[in-house]
Amino acid sequence: MQLNHTHDPATRSWLPSATDTDFPIQNLPLAVFRRSGSDESFRGGVAIGDQVLDLAALSGTACLQGLAAQAAGACAQAVLNGFLALGPAAWQALRHALFGLLQSSAPGTSVAAVRACLLPQDAVEYAVPMAIGDYTDFYTSIHHARNVGRIARPDAPPLTPNFQWLPIAYHGRASSIVVSGQRFRRPMGQFMPAGASTPVYGPCARLDYELELGICIGQGNALGEPIALAQAESHIFGLCLLNDWSARDIQFWEMAPLGPFLGKNFATSVSPWLVSLEALAPFRLPFERPADEPQPLAYLESAGNRAQGVLDVRLEVLLQTARQRSKGQPGTRVSHTSFRHQYWTLAQMVTQHTVGGCNLQPGDLLGTGTISGPQPQEAGAMVELTKGGREPLTLTHADGVTEQRAFLQDGDAVILRGWCEAPGRVRIGFGECRGEVLPALGA
Ligand code: CA
């Protein structure tokens, strides 16, 4: 991914709110939205400052031509799959056209037309931005794998023998993926309490979150035709924040030998905004593998992946209890890390997924797996932060009151945030991914 004029840190938008924001003109992420509480159709929009640029409205003006107009027209639908299927040239045409319309040097006539297509973000509601045909969740943080391995299998080596050889994953559930802001019920299920010899059925007692990024697939591949590593990123439109809510007691009882099932399939939250790989281009780093660790097999190696396969996306998790919310207090930050610490790259995940011939389709979603950094405070799940619940977190509220959490309680909200920053670059953000726990049905 080459840098171009849309990454120029000197360019400003004519929209005043587009400075010191997650959504400057260098970002331009996509969502689907409608006016809050209305029965309008959902349609595609682009974030700029504190506004949404309505792409359905804009595509009805004379502001866009050619491939950019075709791309905006595809975004007028209630899901972005048609736009995603158009591929990188169309994605770039739209981004570059919008950049031209929103920059401070844009001509006055187009500024007036674009301004008429803006709505305040605080007056809209969002939906999951694409129809997700298939959802796959990877497991690509070596720090997370070691931390959880020690808890789940204390008598075995923390890493499974395959971890350093391939990006491992399981096929997840797409129907229960919800957009940020939605609440969900604590799941009921079967689990084996510590020290018991017979499992019980009841509300999950070890409810957790997982800090992840979601990878939105653009153009897919034909069944039987793998995606080579050098082409893998051209099949990714962009990234969102993803919370893979996890019922640890249910999960750890059920997952051997076939993997997660009911411990994961009750809810997965995603942020509304898809940040394009093009917007993320200034925040790349080389992929490195220490010499004393297994080097990737040839099909998971490419010069491009070695040179800039890693993305430095900064991430944080906030936990807001019901008490904090009732007092109007923000949540407490419980961890922060960067995606740069992940053991496998985006491209390696896409190639691994398709190497046997599996076909990806536009709008498919891949989770990166929990993102945990090397330090204890960089862990991306509570089960790691609390050592399996043995060392509860102390949450200190703004008024000095403290609460303790080994796992999530009813009424707790978890907020994920992500952003990129680098010297000489304009900071861009992902917005937030928020979800709230409701009591179990019948509880
Ligand atoms: Ca996960």
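The values are calculated or read from the model by the stated rules, or taken from the named source; none is laboratory data. If you're wondering where the values come from, they're calculated on a predicted model, not measured in any experiment. Counting neighbours? That spans all protein chains shown, and the Cβs are built from the backbone with ideal geometry, glycine included. In case anyone asks, the SASA skips ligands and DNA or RNA and just uses the protein heavy atoms, side chains included. Shrake-Rupley method; radii C 1.70, N 1.55, O 1.52, S 1.80 Å.
Pop a pseudo-label 7 angstrom from the Cα along the beta-carbon direction at both THR396 and THR19 and give the gap in nm to one decimal.
For the pair THR396/THR19, the computed spacing is 3.5 nm.
Rolling a 1.4 Å sphere over the protein heavy atoms, what is the accessible area per residue of the chain, to the nearest Å²?
Here the residues of the chain average 40 Å² of exposed surface.
Counting only protein heavy atoms and using a 1.4 Å probe, what share of the accessible area of region 99-237 belongs to carbon plus sulfur, as a whole percent?
54
GluC sites (Glu not before Pro) within region 240-349: which are DSSP loop residues with at most 13 other Cβ atoms inside 10 Å?
For GluC sites (Glu not before Pro) across region 240-349 that sit outside H, G, I, E and B with at most 13 neighbouring Cβ atoms in 10 Å, the list reads GLU288.
Can you check how the C-alpha radius of gyration of region 1-71 compares to 2.2 N^0.38 Å, as a plain ratio? Display every interim value, and only then the final one.
Working: Rg = 13.7 Å, N = 71, 2.2 N^0.38 = 11.1 Å.
Relative to the 2.2 N^0.38 Å estimate, region 1-71 comes out at 1.23.
Which residues does a label at SER36 reach in region 96-130, if reach means a backbone N under 13 Å from a point 7 Å past the Cα toward the Cβ?
120-126
Quote the FRET efficiency, to the nearest 0.05, computed for SER104 versus ASP312 with a Förster distance R0 of 25 Å and r equal to the Cβ-Cβ distance.
Calculated transfer efficiency: 0.35.
Assign one of three labels to region 349-436, namely rounded, prolate or oblate, based on the Cα gyration tensor with a ≥ b ≥ c the square roots of its eigenvalues; rounded applies when a/c is under 1.5, prolate when it is not and a/b is larger than b/c, and oblate otherwise.
Because a/c hits 1.5 or more and a/b exceeds b/c, region 349-436 counts as prolate.
I need the calculated FRET efficiency for the pair PHE261 and GLN231, taking r as the beta carbon distance and R₀ as 41 Å, to the nearest 0.05.
E between PHE261 and GLN231, to the nearest 0.05, is 0.80.
Search the structure for amide H atoms under 5 Å from the amide H of ILE236, placed 1.01 Å from N in the peptide plane, and list their residues when 5 or more places away or on another chain.
GLY218
Based on the inverse mean of 1/r over its pairs of different Cα atoms, what is the Kirkwood hydrodynamic radius of region 403-443, in Å? Before the final figure, lay out each step's value.
On the way: mean 1/r = 0.0763 Å⁻¹.
Computed over Cα pairs of region 403-443, the Kirkwood hydrodynamic radius comes out at 13.1 Å.
How many angstrom lie between the C-alpha centres of region 220-281 and region 51-77?
Measuring centre to centre over Cα atoms gives 29 Å.
Sorted by accessible area (1.4 Å probe), largest first, how do ASP122, ASP399 line up? Working shown, then result.
Details: ASP122 140, ASP399 75 Å².
So, going from the largest accessible area down, we get ASP122, ASP399.
May I ask for the net charge around PRO272, where only other residues with Cβ less than 15 Å from the Cβ of PRO272 are counted and Lys, Arg are +1 while Asp, Glu are -1? Let's see the in-between values first.
On the way: positive: ARG34, ARG35, ARG43, ARG417, ARG434; negative: ASP22, ASP50, ASP54, ASP122, GLU125, GLU432.
Charge balance near PRO272 sits at -1.
Where the accessible area of region 315-443 is counted over protein heavy atoms with a 1.4 Å probe, how much of it, in %, is carbon and sulfur?
Heavy-atom surface of region 315-443 belonging to carbon and sulfur, 1.4 Å probe: 49 percent.
Run the quick spin-label model on HIS5 and ALA156: label points 7 Å from Cα toward the beta carbon, then report their separation in nm to one decimal.
Distance between the two pseudo-spin positions: 5.6 nm.
May I ask for the angle, rounded to the nearest 10°, between helix 142-152 and the longest principal axis of the chain, with both axes built from Cα atoms and the value confined to 0 to 90°?
So the inclination is approximately 30 degrees.
Could I get the Rg over Rh figure for region 283-323? Both from C-alpha atoms, Rh via Kirkwood, rounded to two places.
Answer for region 283-323: 1.28.
Order the peptides 205-213, 374-382 from the highest to the lowest mean number of other Cβ atoms within 10 Å of their residues. Working shown, then result.
Values: 205-213: 25.4, 374-382: 19.6.
So the peptides 205-213, 374-382, ranked by packing, come out 205-213, 374-382.
When a/c reaches 1.5 or more, the comparison of a/b and b/c decides; with that in mind, is region 131-212 rounded, prolate or oblate per its Cα gyration tensor? Provide the component values of the computation, followed by the final result.
Values: a/c = 2.12, a/b = 1.05, b/c = 2.02.
Cα axes put region 131-212 in the oblate bin.
Mind checking the log10 I(q)/I(0) for region 57-151 at q = 0.15, 0.19, 0.21 Å⁻¹? Debye, one equal scatterer per Cα, no solvent, two decimals.
Evaluating at q = 0.15, 0.19, 0.21 Å⁻¹ gives log10 I(q)/I(0) of -0.73, -0.98, -1.11.
Of the trypsin sites (Lys or Arg not before Pro) in region 360-441, which ones lie in a loop per DSSP and count no more than 12 other C-beta atoms within 10 Å?
When the trypsin sites (Lys or Arg not before Pro) of region 360-441 are filtered for loop state and at most 12 Cβ neighbours within 10 Å, ARG390 remain.
Å³ per residue of the Cα convex hull, for region 162-312?
Given the Cα convex hull of region 162-312, per-residue volume reads 164 Å³.
In debye, nearest 20: dipole of the chain around its Cα centre with unit charges on the Cβ of K, R (+) and D, E (-)? Numbers along the way, then the final one.
Working: 32 positive and 38 negative charges, 86 e Å.
Magnitude of the dipole: close to 420 debye.
Give me the distance in nm between label points sitting 7 Å out from Cα along the Cα-to-Cβ direction at ILE168 and ALA291, one decimal.
2.9
How large is Rg over Rh for the chain, taking Rg from the Cα atoms and Rh as the Kirkwood inverse mean of 1/r across Cα pairs?
0.97
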